[in-house]
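The values are calculated or read from the model by the stated rules, or taken from the named source; none is laboratory data. All of these numbers come straight from a predicted model, not from anything done at the bench. With ideal geometry, Cβ positions are generated from the backbone for all residues, glycine too; neighbour counts draw on all protein chains shown.
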Amino acid sequence: MQFEGNSVVAWPADDVGEELRLLAAATGGTVVLFGWSGDTLQCRLRHDPPPQPLVVPQFDRGAVLPGTEAPLHVLLAWLAPDVLERRVAGLQRAPHSLSNRALLALRLTRVRETGRDVVAGGVRGEVTSIAVPVRDRHGEVTAALAVIAPSVYLEDLDLTTIATDLGRIAAQVPAGADTLPSPV
């Protein structure tokens, strides 16, 4: 069970839940599922590594905080141009990659080509997040599954393996897990 807002969500299935637990433990990162509720970003599910949750930046009323850029790029990459403009315009305190339209276009093109995003930051370009799309049965991107972690946990790990594991798990996300009602 995961706690989100004022609701408790039973997700995912036992096998997928075990895979998320193992991925969080192996990377030391928090596995999250981000999606849209209208034009508002929402953290729908979160799985923290043992023994206790990390302090992980979250979306805060439309503000994109450090560490959450990868899932946001994955969510934006497949949007129609008018929807993309509307959703980017609705974000507050957006990182430079969103305010510079040419840079954003390049980033989103790369995400569409690779099918994932890896965001690096910090002084040495350490990895801060890895995200992959979650698609519905029609192939539409409805959410982003990501590992968000302090860079010290991910810099020495095989990023391709982590991204592949995320993609495999994203393909198993139960129908409806990406369309949960907004917590009130």
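Residues that are modelled with pLDDT of 85 or more and surrounded by 16 or more Cβ atoms within 10 Å (Cβ to Cβ) occur at least once in the range 85-94.
In the range 15-30, the residues that are closer than 16 Å to Gln172 by Cβ and charged (D, E, K, R) form Cβ pairs under 7 Å with partners that are in a helix (DSSP H, G or I) and at pLDDT 80 or above, at six or more places apart or across chains, as follows: Glu19/Ile169. Based on what the data block shows, is Leu54 modelled with pLDDT of 80 or more and outside any helix (DSSP H, G or I)? The answer is no for Leu54. Among residues of the range 124-148 being closer than 12 Å to Val173 by Cβ and among the small types (Gly, Ala, Ser), the one that is surrounded by the fewest Cβ atoms within 10 Å (Cβ to Cβ) is Ala143.
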